[in-house]
Amino acid sequence: MSTTATSLTGRQVWARARGLLTAATVLVLAALFMAAVRSGDQYAALDPRSPDDDGTRAAARVLADHGVDSRVVTTVDEAVAAAGPDTTLLVARPDDLDRTARAALADAAEDGGRTVLVAPGARAVHTLAKGVRPVDGPTAVEPATPDCAMPAAKRAGDAHMGGRRYDVQDERAEACYLRQELPSLVRVPASEGTGDTVLLGTSEPLRNDRLDQLGNASLTLQLLGSRPHLVWYLPSLSDSAPTGNGERGFFELIPNGWSWGALQLGVAALLTAVWRARRLGPLVPERLPVEVRASETTDGRARLYRQADARDRAADNLRAAARTRLASLVGLPTAQAHSPEALTSALAERAESDGMPDATRTHDLLFGPAPTDDASLVRLVDELDLIEARFTRAGAPTDPTTTPTKDKDRTT
């Protein structure tokens, strides 16, 4: 198989790809290293096992000292199974739940227990707290007074509150800790029974770094310790909707972060396309800053062909140029110059009329196989020049722009 200028050897492929492979290897090793370093005890925010600032180990211990046992669940199935009249269910990230999971929690809230939602948004509030609407634009978390008759808030007194605020339309609801005239703590009684739902606009009062400040510990104890059992529901990526309540759609199975990442990648791809398509409209010829002689261009192309061992490409170019010149010499239209039948027949007729017995070899010279080595390529050039010279001497009409040249540089 002959090697062409567009073919790549194994060494060339490796030279081009080794940079990308090296970068990919470095990224993989860095990811493995980071995963190994972070493979210890890592907890999510509000995890009662976490000693970090955003953890709730201190709150869990305070509750345990008052006879409240805690457990952590990470799936909605476990959360629904644990709900009951003697249980407080704390949902750490209610907006991460899909529609089916939120509906399941709403049904579980009717069992008479307490459901505490931490900073719920519009989707969670619409399903889990009827008669309450979140207000856009969270406020800063600062010390605030209860400003309500809710016993738990009155006993706790000032606490760090703020974050999300809510517009309460249910007359039975209790609204406390007003921020800009809107509450950041709302308790909505269940339509039947003794259960209720508590909306906490921020997680600050529960956190380890805030629990010992103001009345945060008292507020936490009364909100989460009203029942003997406390379930910390920390939604995870492996969470799934309960069986029997309907199947989730494809987009509901995709975590929220992935859709945002896909949007960013789409914007990046669009910007890259605009950047690469900076040449708009038709090409406009421009004068080169320097003039390059034709012989230098020919030498450069010849060296490229030789470096790539592209004898077949070089031979094709030489034969195509020779066929074009010979067609004009024998009066054949340029459109038929590369037709073996038409050109060979015209050359044969001219050769017979001019008494040139070697005209029958023209087909192999003009349309034959590619040379196998440099010596064969040089012989091909010599024979092409010889054929053109013979037809020129035979008196055929000539064109000054297509007169054959003996400059051998175009063959190297």
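A few points about this structure:
- Within segment 174-194, tally of residues that are under 17 Å from LYS130 (Cβ atoms) and either among the polar types (S, T, N, Q) or surrounded by fewer than 20 Cβ atoms within 10 Å (Cβ to Cβ) (or both): 5
- Count of segment 163-212 residues which are hydroxyl-bearing (Ser, Thr, Tyr) and farther than 16 Å from GLU110 by Cα: 5
- Lone qualifier among SER218, SER236, SER259 - being open to solvent by 20 Å² or more (accessible area, probe 1.4 Å) and at pLDDT below 75: SER259
- LYS130 being assigned to a loop (DSSP other than H, G, I, E, B) and farther than 22 Å from HIS229 by Cβ: yes
- Top-ranked residue in segment 151-190 [being modelled with pLDDT of 90 or more and in a loop (DSSP other than H, G, I, E, B); ranked as nearest to the chain's Cα centre (by Cα)]: ASP158
- When restricted to residues that are closer than 30 Å to ASN216 by Cα, surrounded by fewer than 11 Cβ atoms within 10 Å (Cβ to Cβ) and at pLDDT 75 or above, segment 1-59 contains 1.
- Selected residue [at pLDDT 85 or above, surrounded by 12 or more Cβ atoms within 10 Å (Cβ to Cβ), within 58 Å of the chain's Cα centre (by Cα) and more than 21 Å from SER328 (Cα to Cα)] from LEU384, LEU377: LEU377
- Test: GLY121 is closer than 21 Å to ALA173 by Cα and surrounded by fewer than 23 Cβ atoms within 10 Å (Cβ to Cβ): yes
- The single condition among (1) modelled with pLDDT of 80 or more; (2) assigned to a loop (DSSP other than H, G, I, E, B); (3) open to solvent by 60 Å² or more (accessible area, probe 1.4 Å) that ARG313 does not meet is (2).
- In the set (1) modelled with pLDDT under 90; (2) in a loop (DSSP other than H, G, I, E, B), the condition left unmet by THR139 is number (2).
- Residue that is modelled with the lowest pLDDT [pool: residues in segment 291-310 that are among the acidic types (Asp, Glu) and surrounded by fewer than 15 Cβ atoms within 10 Å (Cβ to Cβ)]: GLU291
- Only one of the numbered conditions (1) touching a helix residue (DSSP H, G or I) at 6+ places or on another chain (Cβ under 7 Å); (2) free of Cβ contacts under 8 Å to residues at least 12 places away in the same chain; (3) not β-branched (Val, Ile, Thr) is violated by ASP136, and that is (1).
- Test: residue in segment 124-136 that is among the hydroxyl-bearing types (Ser, Thr, Tyr) and open to solvent by 20 Å² or more (accessible area, probe 1.4 Å): yes
- Within segment 60-74, being part of a loop (DSSP other than H, G, I, E, B) and either surrounded by 13 or more Cβ atoms within 10 Å (Cβ to Cβ) or β-branched (Val, Ile, Thr) (or both) holds for VAL68, THR74.
- Of all residues in segment 154-168, those satisfying the criterion of being hydrophobic (A, V, I, L, M, F, W, C) and over 13 Å from ARG179 (Cβ atoms) are ALA156, VAL168.
- If you go through segment 110-127 and pick out every residue that is part of a helix (DSSP H, G or I), touching a helix residue (DSSP H, G or I) at 6+ places or on another chain (Cβ under 7 Å) and closer than 15 Å to PRO189 by Cα, you end up with 1.
The values are calculated or read from the model by the stated rules, or taken from the named source; none is laboratory data. Quick caveat: nothing in here was measured; it's all calculated off a predicted structure. Glycine gets a Cβ as well: all are built from the backbone with ideal geometry, and neighbour counts include every protein chain shown. The protein model used for the area step is the full one, side chains on, heavy atoms only, and it has no ligands, DNA or RNA in it. Shrake-Rupley method; radii C 1.70, N 1.55, O 1.52, S 1.80 Å.
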